[in-house]
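*Asks:* Here's a structure for you.
The values are calculated or read from the model by the stated rules, or taken from the named source; none is laboratory data. Being a predicted model, the structure only gives us computed values, none of them experimental. Backbone-built Cβ (ideal geometry, glycine too); neighbour counts: all protein chains shown.
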Amino acid sequence: MTHTTPGVASAQELPELACYGLAGHSAGPADLVGEVREAERLGLGSVFLSERFNVKDAAVLAGAAVAASTSIGVATAATNHNTRHPLVTATMATTLHRMSGGRYALGLGRGFDLLFDVMGVPRVTGAQLADAVGIYRRLWHGEAFAHEGPAGSYPYLSQDSGFDEHVPVLMMAIGPKSLALAGRVADGVVLHTFLGDETLARSVGLVRESAAAAGRDPAAVRIWAVLAVVEESIPEELRLRKLVGRLATYLQGYGEVLVRANCWDPADLRRFREDPLVQGYAGALDAVGTTEQLTYLRDEVLPAEWLAASATGSADACARRVLDQLDAGADSVVLHGATPAELAPVVAAYRALRPAGRFDALPTNPGWAR
């Protein structure tokens, strides 16, 4: 028995927009409940939930988001297949799928090799991701089977022979191989923050081409742009943290990937990493960077072009940058790095600019396209 209605349009006013719950670093996971309710009140179509190994467990957060809401889509974006047994992940997704009435989507990503090394779990490969998705889908459709493949060896896997669930799978992607993989196997794709407009359009094209080559309907893969939104009414220190600090933290962790994706100059990345402030820095710059340090990085180190791959300034300017993402080919946009309360002026401005009728067919679940 299926518990989804993928053809039903969203009850939310703005199904093409989403936010992240507990954006950035948070010590108070209970804050998510109020954020989800505020996001739903604003009319946002979905809330995305990242996972961090401190107080951001994917299953707990998604359960809280589902329980605190009635119509908003809920997406795990992302967890990693290698940190849970496939039966545990499949069970998490089925539970959330039924609890929410089909509003949940499971998002998977590659994660960080160095983190997995110190955790003592295997690094994630594209072959493993594709294999894991196949395992989940077989379980969701009531199969019982033994499995041997890139995702592992399992003597026996089964949930319930009566299952016939379609839980949408999102995939996080930035490089060409990950984009192509997502086009082949995922229901939806979540791109990376700080992609330039040309890079966004190129990424959308890669996903669509890969889907078509795999014999899939390219338009059936829902592609989410992720746009850092830092509206001018936010205090300056927080604006710096959300924009400069966030980009700098990405560059600290996997700068090569982001620079290659945007065709930025690798020499600028070397200059950033060789700067004495960055070399001697202990911790993530978006978490503990001071106003003075972040101002220095903005004015003296980071290219203005890199920071411009975002939405800043007035609420109207930010709303127009959202439209730029949609015009570049994205189906939907995650407004990243800001709480629903901080996004309220941007959402109001966007409503005044929103193309009438363009998104009427978007469904509630963030994993499905038209």
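*Asks:* Please identify the pairs in which a residue from the stretch 343-356 that is closer than 19 Å to Tyr20 by Cα has its Cβ atom under 8 Å from the Cβ atom of a residue that is charged (D, E, K, R) and buried (at least 18 other Cβ atoms within 10 Å of the Cβ), counting only partners at least 6 apart or on another chain.
*Replies:* Leu343/Glu231; Pro345/Glu231; Val346/Glu231
*Asks:* Another question, then. Could you check how many residues of the stretch 93-120 are surrounded by fewer than 22 Cβ atoms within 10 Å (Cβ to Cβ) and out of contact with any Leu (no Cβ under 9 Å at 6 or more places or on another chain)?
*Replies:* Residues that pass the stated criteria total 14.
*Asks:* Just to be sure I understand the filter: pairs with C-beta atoms under 6 Å, separated by 6 or more residues or on different chains, first member in the stretch 170-187 and under 21 Å from Phe48 (Cα atoms) and touching a residue at least 40 places away in the same chain (Cβ under 8 Å), second member of a type in the set (Gly, Ala, Ser) and assigned to a loop (DSSP other than H, G, I, E, B). Which pairs pass?
*Replies:* Leu170/Gly367; Met171/Ala186; Met172/Gly109; Asp187/Gly367
*Asks:* Residue check, Leu323 against (1) in contact with a Phe, Trp or Tyr (Cβ under 9 Å, 6 or more places away or on another chain); (2) in contact (Cβ under 8 Å) with a residue 24 or more places away in the chain; (3) over 14 Å from Leu227 (Cα atoms); (4) surrounded by fewer than 19 Cβ atoms within 10 Å (Cβ to Cβ), all met but one. Which one?
*Replies:* The single condition Leu323 does not satisfy is (3).
*Asks:* For the stretch 265-287, enumerate the residues that are closer than 11 Å to Thr249 by Cβ and assigned to a helix (DSSP H, G or I).
*Replies:* Within the stretch 265-287, Val278, Leu285, Asp286, Ala287 qualify.
*Asks:* Could you list, in sequence order, the residues of the stretch 288-302 that are outside any helix (DSSP H, G or I) and at pLDDT 95 or above?
*Replies:* Listed by number, the list holds a single entry, Leu302.
*Asks:* Against the condition without any contact (Cβ under 8 Å) to a residue 12 or more places away in the chain and not polar (S, T, N, Q), how does Leu114 come out, does it pass?
*Replies:* So Leu114 passes the test.
*Asks:* Just one of the numbered conditions (1) free of Cβ contacts under 8 Å to residues at least 40 places away in the same chain; (2) surrounded by fewer than 17 Cβ atoms within 10 Å (Cβ to Cβ); (3) not in a loop (DSSP other than H, G, I, E, B) is not true of Glu305; which one?
*Replies:* Glu305 satisfies every listed condition except (1).
*Asks:* Filter the stretch 189-238 for residues that are outside any helix (DSSP H, G or I) and of a type in the set (Gly, Ala, Ser) and give the result.
*Replies:* Scanning the stretch 189-238 gives Gly196, Ala214, Gly215, Ala225, Ala228, Ser233.
*Asks:* Give the residue, chosen from Ala344, Ala315, Ala330, that is under 23 Å from the mean Cα position of the chain (by Cα) and surrounded by fewer than 19 Cβ atoms within 10 Å (Cβ to Cβ).
*Replies:* Among Ala344, Ala315, Ala330, only Ala344 is under 23 Å from the mean Cα position of the chain (by Cα) and surrounded by fewer than 19 Cβ atoms within 10 Å (Cβ to Cβ).
*Asks:* Could you please let me know if Gly162 is of a type in the set (Gly, Ala, Ser), farther than 28 Å from Ser203 by Cβ and modelled with pLDDT of 95 or more?
*Replies:* Working: of a type in the set (Gly, Ala, Ser): yes; farther than 28 Å from Ser203 by Cβ: yes; modelled with pLDDT of 95 or more: yes.
Yes; evaluated as a whole, the condition is true for this residue.
*Asks:* Ok, one more. When Asp324 is evaluated against the numbered criteria (1) within 19 Å of the chain's Cα centre (by Cα); (2) assigned to a loop (DSSP other than H, G, I, E, B); (3) among the acidic types (Asp, Glu), which criterion, by number, is the only one it fails?
*Replies:* Only one criterion is unmet by Asp324, namely (2).
*Asks:* Which ones in the stretch 260-281 are closer than 28 Å to Pro366 by Cα and aliphatic (A, V, I, L, M)?
*Replies:* Within the stretch 260-281, Ala261 is the sole residue that qualifies.
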